[in-house]
1. Among B:K137, B:K174, which comes first, then next, by fewest other beta-carbon atoms within 10 Å?
2. Given points 7 Å out from each Cα along the Cα-Cβ axis, report the B:Y175 to B:T20 separation in nanometres with one decimal.
3. I want to make sure I understand the PRE zone here: with the label point 7 angstrom from the Cα of B:D3 toward its beta carbon, which residues in region B:54-72 have backbone N atoms less than 12 Å away?
4. Give me the one-decimal Kirkwood hydrodynamic radius in Å for chain B, with the sum taken over alpha-carbon pairs.
5. Order of B:W86, B:W122 from fewest to most other C-beta atoms within 10 Å?
6. Using alpha-carbon positions, what is the distance between the centroids of region A:1-43 and region B:199-225, in Å?
7. How many partner chain Cβ atoms sit within 10 Å of a residue's Cβ in peptide B:163-170, on average, as a whole number?
8. Ignoring solvent entirely, what values of log10 I(q)/I(0) come out of the Debye formula for region A:1-63 at 0.12, 0.16, 0.20, 0.30 Å⁻¹ when each Cα is a single scatterer?
Amino acid sequence: MNVLRGLAVLLLCQSLGEALAVLLRGVHLHLPGPVLGMLLLAVLLGWRTLQAPVGQAADALLGHLSLLFVPVGVGVMTHMAVISQYGLRMLAALVVSTWVGLAVTALVLRALMPTLVPAPTQPPVTMR
Amino acid sequence: MNDFVQLWVYLSATPLFGLTATITVYVAAQALYARLGQAPWANPVLITVLALAGLLTLTRTPYPTYFSGAQFIHFLLGPAVVALGWPLWQRRQQLRQRGLALLAAALAGGAAAAATAVGIGWALGLPQDVLRSLAPKSVTAPVAMGIAEQLGGIPALAAVLAVLTGLVGAISAKYLFDALGIASPAVRGFALGTASHGIGAARAMQVHPDAGAYAGLALGLQVIIASLLMPALAAIL
């Protein structure tokens, strides 16, 4: 039941986020609805009642996050024309840029906080 | 035999087919991944995508027919992005203490990834719309689609490129980090979440709890940063 309650909160946040996104587009600020919903959720989580249900729903969704990318991934078959023409070049750009991104992030973070190595303590999750 | 063909024609045209195929193949791929000791190259998303694309091609099932069922899973990407507020909130303490360092790393890594992708693509002579679809590739697929649309790219292609980026990171990051001598699970996780979003983060979560926690944090930060800054890039391109 908690998971369902949490899912309801997530969907409500997303709906409010989508509505807010439309309003912001009026002032030429383009932010995706789910992103605004995420920020909204992070604020609302200060409300204790929401914490356990949202935590359970979020952990359930994020625990299977990679499954959610499968339908889009299979869509690769609809871009065969572009891929047969530019596939190798796109792959080169993808692979090299991903490595550069990984390396730059990791090296900058390590340089800025060499003390990160000990594991940070996680705040306890309140479960009922 | 004829009855079987008719039954297949019927079943493969209902949404049930796409949904069943996606979940069944994914569960099988996860089992294989676990049995292979979570080897990076046996990534369950990669195996599932290849198997499903092969199945659809062999049975001549058009992608829209498959998607009519798979869309129920696809839809959950939206709530999943919202759910990233949870790891952000849980780690608000770390965010407050190390916010600047984390933000700087996320900005530098995200910008470096986007710039090299577009730069290499441009140098190799990729067309404009492909370049514009490449720019948001380090952002999680649903957000990447929205950004690509604003940039004048092809949303569907941007989503595929984002998924491929996630796979590249999830499969190769271990070797890259080992070569660079980056040992801290937190740093490795944060880099995975920044440069290869959801699929990289999913890999980090399986490997180490700290890596997973920082990957979730990075994922949330990257989504905010990219949504705010990518439109600025549109003006330059």
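Taken together, the values in this text are just the output of simple stated rules run on the coordinates, not laboratory data. Note that the structure is a prediction, hence the values are computed from the model and not measured. Backbone-built Cβ (ideal geometry, glycine too); neighbour counts: all protein chains shown.
1. Sorted ascending by nearby Cβ count, the order is B:K174, B:K137.
2. Taking the two extended label points, one gets 3.9 nm.
3. It comes to no residues whatsoever.
4. 18.9
5. B:W122, B:W86
6. Comparing the Cα centres of region A:1-43 and region B:199-225, I get a distance of 21 Å.
7. 6
8. Reported log10 I(q)/I(0), two decimals: -0.31, -0.51, -0.72, -1.19.
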